[in-house]
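First comes the structure, then the notes that go with it.
The values are calculated or read from the model by the stated rules, or taken from the named source; none is laboratory data. Small disclaimer: the values here were computed from a predicted structure and weren't measured. Methodologically, a virtual Cβ is constructed for each residue, glycine included, from the backbone with ideal geometry; neighbour enumeration extends over all protein chains shown. Surface areas here come from the heavy atoms of the whole protein model, side chains and all, with no ligands, DNA or RNA. Shrake-Rupley method; radii C 1.70, N 1.55, O 1.52, S 1.80 Å.
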Amino acid sequence: SHRKFEHPRLGSLGFLPKKRTKSIKQTFKTIFRRNFSDFPQISGFIGYKVGMTHVTRVSKKIKSRSFEKTISDAVTLVECPPLLVIGLSGFDSYDHRLKKFKSFNLSGTSSVYNKRRVIDITNDLNNFRKTILSIRKHCSIIKLNTISSKHRLSKKKYEIQILGGSNISKIEFAIKLLGKRIHINSFILQNDSVDLTSTTKGHGTQGVIKRWGITRLPRKTRRGFRKVGCIGPWNPSRVSWTIARSGQFGFHRRTELDKKIFKIGLENDFSKKSTNIHDLTDKSINCLGGFKKYGTITTDYLMIKGSIPGPAKRQLSIRKSQHTIKTQDTLEQIDLSFIDTSSKRGHGKFQTSLAKDLFKKSVKKFKK
């Protein structure tokens, strides 16, 4: 037995350098193409973190001690407004890098998003045909130009790659989607697993205790005790990169893998409510008073098990899970029995505003 086994170092070195990310909006660096079929489909989606709540359900993990028992899970809500397809972009590999070959947007879209070439399909059909043929001939990667419609946080254009099938089928797939809205249920389904990438909450410059989780020195230590006791030997006369040092904490790019989807709620559909077979109370998915620092959910949303990096309103990039390992967690079918919609500001005694009003009336009658 050695000390390195009994007391390993504090803080992982796998996340170095701990520096601020270049962009607050993150995209996936790799998307494995083996997970996609012979038919074209979109490779990702955009969402916004709302907040957390808890749900109760009956466990269906056969070999678990909690089998057929009621358990509680913490879940995160992510609002995923429909993506409006406004254009098409073609990329070609040049000098081992991707270079945008041609891009165009529909003329009916807002002038904010028409910084590149604009084509009117109805009046300028020949120009549209020439552009499509050149993209088909020269481009190996095709992406959709989309914007998050019906959402207060969406002000920029997002490019989503099309994967699966031949180049011709990708272009046909993209042309059919022009001017239409893509909903989250056409990309992912309930009980599936997704990967999420986001920027964590920033905390500025922090010391070694909070940044690396090292142990404090004894109380009577001279010149402070929230420090590293020894930063290295006399020789070699330099500070090793493995020594815990103060610096930037938070605002890093992080990716969470294999997050289970508990529920998908669609706009103008019964699934948007938190009512189910076991809890027939007519109530919205929004908690009383709205979610802290976010407000209310107005469009489509995902309910994902566990926590997600970043504060409320932070943009997330969503992709299908890249792991094909089938475990009891991934194969378990989720059947929610209760979704908590109590206020997240205070103790949260009531599930609906109607229950709160009835309680206040009963208190008034009792006082009289």
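Given the criteria of a type in the set (Ser, Thr, Tyr), in contact (Cβ under 8 Å) with a residue 40 or more places away in the chain, open to solvent by 80 Å² or more (accessible area, probe 1.4 Å) and assigned to a loop (DSSP other than H, G, I, E, B), does THR242 qualify? Taking the combined requirement at face value, the residue does not satisfy it.
If I ask for residues that are among the aliphatic types (A, V, I, L, M), at pLDDT 90 or above and not in a strand (DSSP E or B), which ones from the range 317-336 would you list? Residue satisfying the conditions is ILE334 alone.
Scan the range 149-167 and tell me whether some residue there is touching a helix residue (DSSP H, G or I) at 6+ places or on another chain (Cβ under 7 Å) and over 23 Å from HIS323 (Cα atoms). Yes - at least one qualifying residue is present in the range 149-167. Within the range 253-292, the set of residues being touching a residue at least 24 places away in the same chain (Cβ under 8 Å), within 15 Å of ASP335 (Cα to Cα) and not in a loop (DSSP other than H, G, I, E, B) comprises LYS260, ILE261, PHE262, LYS263, ILE264, GLY265. In the set ILE175, ILE171, ILE119, ILE147, only one residue is at pLDDT 85 or above and in contact with a strand residue (DSSP E or B) (Cβ under 6 Å, 6 or more places away or on another chain); that residue is ILE147.
Here is a yes/no grid of residues against (1) open to solvent by 40 Å² or more (accessible area, probe 1.4 Å); (2) outside any strand (DSSP E or B); (3) not hydroxyl-bearing (Ser, Thr, Tyr):
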site	(1), (2), (3)
PHE128	no, yes, yes
SER134	no, yes, no
ILE162	no, no, yes
LYS170	no, yes, yes
LEU189	yes, yes, yes
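Kindly indicate whether any position in the range 337-350 is under 21 Å from SER186 (Cβ atoms) and either assigned to a helix (DSSP H, G or I) or in contact (Cβ under 8 Å) with a residue 24 or more places away in the chain (or both). No, every residue in the range 337-350 fails to be under 21 Å from SER186 (Cβ atoms) and either assigned to a helix (DSSP H, G or I) or in contact (Cβ under 8 Å) with a residue 24 or more places away in the chain (or both).
The strands (runs of 3 or more DSSP E) located wholly in the range 1-108 that include 3 or more residues which are in contact (Cβ under 8 Å) with a residue 12 or more places away in the chain and surrounded by fewer than 20 Cβ atoms within 10 Å (Cβ to Cβ) occupy 45-58, 70-79, 97-106. The residue list PHE249, PHE262 contains one member that is under 27 Å from SER317 (Cβ atoms) and in contact with a helix residue (DSSP H, G or I) (Cβ under 9 Å, 6 or more places away or on another chain), which is PHE249.
Figure legend. Inter-residue proximity from the range 198-222: first residues open to solvent by 50 Å² or more (accessible area, probe 1.4 Å), second residues part of a helix (DSSP H, G or I) and of a type in the set (A, V, I, L, M), beta-carbon distance below 9 Å, spacing 6+ or different chains. Indicated pairs: THR215/ILE209; ARG216/ILE209. Against the test of being in contact with a strand residue (DSSP E or B) (Cβ under 7 Å, 6 or more places away or on another chain), within 30 Å of SER149 (Cα to Cα) and at pLDDT below 90, the options SER271, SER193 yield a single qualifying residue, SER271.
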